[in-house]
Structure formats: C-alpha cells, structure tokens
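So the structure is just underneath, and the comments pick up after that.
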Amino acid sequence: MSILSASQVQVRPNRSSIARISENTSPDCFPTINELLQDNHDNMNIFFRPIGGHNHTVHAVLTIYAMGGKGEDLKRAFRDNDHQQTQIPPTDPAIVVEMKDTDVFMKHMRDQVHYTNYLKFFEQEIEENGWKEVLQQYLFTSTPVAKAMFVQLFEGLYHPLIHVGFGIEFDQPAIVAEGLAQAASHAWGNIGDYFTRCDEIAQAEGALTTPLQELYQQVRANDKIRMSVQLQQGPNRIRDGLMPNAMEELAKIGAQFRVGKNDLDWEHGLIESASCAALNAAAAQRKGKAAKLDFFSMHAVTSSIFLSLLARQPWIHNEHKAKLIEWKGRLDIAWYASSGSPPLELQFVTSYQPTLSKDMDWQALYAATVEAHDDGHVAKLVRALYSAESEARGFEERVGQENTMNLPVRGDLWFRVAQMSFDSTTDVPLDEKWLMGTGFDPMWNRIKDAP
C-alpha cells in the first residue's frame, strides 16, 4: 500500500532529487510546490491540443525545485506554463470500472479524450497495490496491456517516460498515475512496429552490434531515410514520413544498438545514448549562423536522466532495463532522422564561445536557469546534462577512458552544451528558442548571423 494517496501530491523534505548541486532548500518550497502541483493534478489536462501538446507544469516546477529554486521561482515556473494549462475533462465512472477488462483498456488506448478515465483508473490501481507494483504490472510483464503500454511510454517525444520518471524521483503516486494515464491515452505516433522490427533483426543469428555514434552516421548516409521526411510534415515526420517510407531501412540500423543484460553493459549503454543525444542536439549547427539547438533532439537528452533513474531501480529486472536503453537509443536515431539527418560536427561544440553564461560554473548556471522565463525545457536540459556529466565521469573512472571511446560528448563538453542551450534561449520568445528540424535549410533562414 502506498504511503500517500494516489490522488494527493505531497513532495517532502526528506526526498532528495537527482543532480542537485546545493542541498539548501527554501522553507517556502514545500507548501508552494504541493499547492501548485495539486492544482495541476486536480484541474489541468495533461494535453492542451487534440493531438499531443503536452502540459509541462509538473516537469517545470519539479525541475526548478530540484535545481534549488525558491517559492517565487516555483510560482514563476507554474505561470510560465499557463498557455498549456487547460481544464481537465470529466471522468466517466462507468468506463473507469470497465477498464479492469483488458479488452476495454486496450480499446480506449491512444485516445486523449480518455486521459481522465485512465488517470482515475491508475489512481485506484495504485491505491490498492502501490505504484511500484502497478508499474511492474502495466509496463514490465508480458501481458498484451504491458506490451502496448511499454511502447506508449516512448510516445510523444518521450513525455510519458519523463512524467513517470518525475513520479519515481519524488516518490509521488499521483504523478506516476498521471504519467501512466498519459502513456495510455497518448495519440499514436507509429513507433511500435519499428521497435518490433528492430528486436526481430537484433535477435537474428549473426546480428551486428555497432556504436551508437556510427548509427547516426549510417542514418545520414541512407538516401531513402533522408528523403522519407519532409519539412511540411511538421512534428509528425516520424509518423507520416519516416515510418511509412523507410521503416525497414531505419530498423536495420537501429537494431545494431544492442545492450547486454549485466550492470556494466547497461551503464555503458545509458551513458553512450546520453552522449550521442547531446551531440545530436548541439552539433547540428550552420556555419555563419548563431547557435541553435534542435527541439526534438533536445528531448532525447532531457529524457536520459529518467532512463538512468529507471535503469537504477532494483525492482526492475535487468532484461527490461536493457530493453529500455535499447529502445531509447533506437528512437533517438529516429528523431535524428525526422529532423533531416543533419551533419553532426563536434567542432561546433568544442569551439563554442559562451555569451550570457561566460564565466559561469555549474552552480551559477543552475542559479541563472532557475530565474529564467521558460516552460521548463531549458531547465530540464541543463539538469540532464549535469547528471550525465556526473555519471559519465564516474563510469570513466571505473572502467578507464580507453573503454569509453564511443562517447562523443565527454568531459567539459557536457557543460559547453548546457551553456549553448542557456545562451541561445534566454530572453528569447518561446516559439523562437529552438529549431524544429536542424537538417532543413528553411529553418535556418530566420536565425541571425553569428557575430
């Protein structure tokens, strides 16, 4: 039985968060954070558009808290997401009861209208069994529901994975319920068959294992993959372009990212995928243009902190940990392809000259990020980069740098990417902070020239 009610948000002082730099916490944080997130849980939909459009309130508020924000910073983070806060739809009690039936549960999946029904359903399941047992049952078993939900965890630019991750990090049953409900109801993005095909190829006799960085290069070199996506397909380029036209070609590449089932294997896989995601987000620049990061690839970094969190849960079997890491890396290259498979040139990161963040260290950058107006994306990215740097450093110390040559972003480059993200987004209108596809020439036309 969970200690907290599955419909009650109560972040507590004795629960430490990931990648904290200072343990000093303002005393006004906890009443504020709980009031804000309870309001969000009770009254706000997790979607603000008919398809996708994610309410980032939980992400923003909890990240700002984890980075040392005070009560006023938490309120600012809440207000900065007001454009994403829409009224939660009413619950249909009859449907909630019927969802105990597997066929009914599956019938309503991938329909955002049913978010509230799934939320109430998972609240009840967690009240009865506890959130760990519910996650086990609905994600990490071989039932049809769990198999479908495992795919849905990666839908919507990793948002269900991120949301469930926040619930685990802060031991909040209500937020775990939100994340599971988001996964169940999230609109279909056409990624399930790709994951299945990757698994089939990877399990065949003589299957290849290739460093993830090389797989990005293979994607770029494949003409059919590059031609399958078009700028006008917008955020649905995976669903409408890549998967209908080049899934087999992409799966042959993605299947080569394979992770063993022992601790050292999956730890290397975690760090490798985070490092390549950081390269993907930051190294797709244009000579002569000011630095900008790719919006879609940025999420591959922000979700990495929760991939690591899940992989370190002792109650999740190593087989499922390896699968989480493999699928995440395989989806990362799909998002890279959806952004036009731009050339990734590390020199853009190594030679980057910081502007607003010049002379900052991690602590100063955290403090500046906490105070900046944003919907939470920048803060999540900065924290994930700091977390990845810390984990990579520890891993390199244990196994030796000669065994970590497949990490393109390493050492102080983690911080350089964080500086680039802060400098390129601070005091910039929300719809101009990121590029929605760094591999497409027209996206760069509105970016100012480099000084």
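Taking every alpha-carbon pair under 8 Å whose residues sit at least 6 apart, region 204-274 reaches a relative contact order of 37 percent. Taking the alpha-carbon distance from Lys75 and a cut-off under 21 Å, which lysines remain once sequence neighbours fewer than 8 residues away in the same chain are dropped? Answer for Lys75, where 21 Å is the Cα cut-off: Lys380, listed by chain and number.
First obtain the Kirkwood hydrodynamic radius of the chain from its Cα pairs, then insert it into the Stokes-Einstein equation at 10 °C and 1.306 mPa s, and state the resulting D in µm² per second as a whole number.
The diffusion coefficient I find is 72 µm²/s.
With a threshold of 21 Å on the Cα-Cα distance, the over-threshold entries among Lys224/Lys252; Lys358/Lys433; Lys100/Lys323; Lys261/Lys323 are Lys100/Lys323. The string of couplings for region 168-178 from the Karplus curve (6.51, -1.76, 1.60, θ = phi - 60°) is 5, 4, 9, 6, 10, x, 5, 6, 4, 4, 4 Hz, one whole number per residue in order, with x for Gly and Pro.
Distant-in-sequence amide contacts of Met44, defined by a placed amide H-H separation under 5 Å and a gap of 5 or more residues or a different chain, comprise Ile88. For region 356-418 and region 1-41, compute the distance between their C-alpha centroids and round to whole Å. Comparing the Cα centres of region 356-418 and region 1-41, I get a distance of 24 Å.
For region 112-222, the equivalent ellipsoid built from the Cα gyration tensor has semi-axes of 31, 15, 14 Å, listed from largest to smallest.
Note on Gln401 and Ala290: the extension gain reaches 36.7 nm, defined as 0.36 nm multiplied by sequence separation minus the Cα-Cα distance.
Across region 29-185, counting alpha-carbon atoms alone, Rg and Dmax equal 15.1, 46 Å. Each part reduced to its alpha carbon centroid, region 198-239 and region 290-312 end up 18 Å apart.
Over region 323-378, the ratio between the Cα radius of gyration and 2.2 N^0.38 Å evaluates to 1.57. Region 166-265: percent of C-alpha pairs farther apart than 21 Å? So the pairs more than 21 Å apart make up 51 percent of the total in region 166-265. If you filter region 177-218 for GluC sites (Glu not before Pro), then keep DSSP loop positions with at most 13 other Cβ within 10 Å, what is left? The qualifying sites are Glu205.
Based on Cα contacts under 8 Å between residues 6+ apart, region 29-185 shows a relative contact order of 23 percent.
If you take the alpha carbon atoms of region 193-444 and fit the smallest convex hull around them, that volume is 132 Å³ per residue.
Averaging sequence separations of C-alpha pairs under 8 Å and six or more residues apart, then dividing by the length of region 126-247, give the relative contact order as a whole percent. Walk me through the numbers before you get to the answer.
Working: 106 pairs, mean separation 20.8, N = 122.
RCO, region 126-247: 17 percent.
Every read-out reported here was derived from the displayed coordinates using simple, explicitly stated rules and does not represent laboratory data. Every value quoted in this text rests on a predicted model; they were computed, and no experiment measured them. Ideal geometry is used to build each Cβ from the backbone, glycine not excepted, and the neighbour counts take in all protein chains shown.
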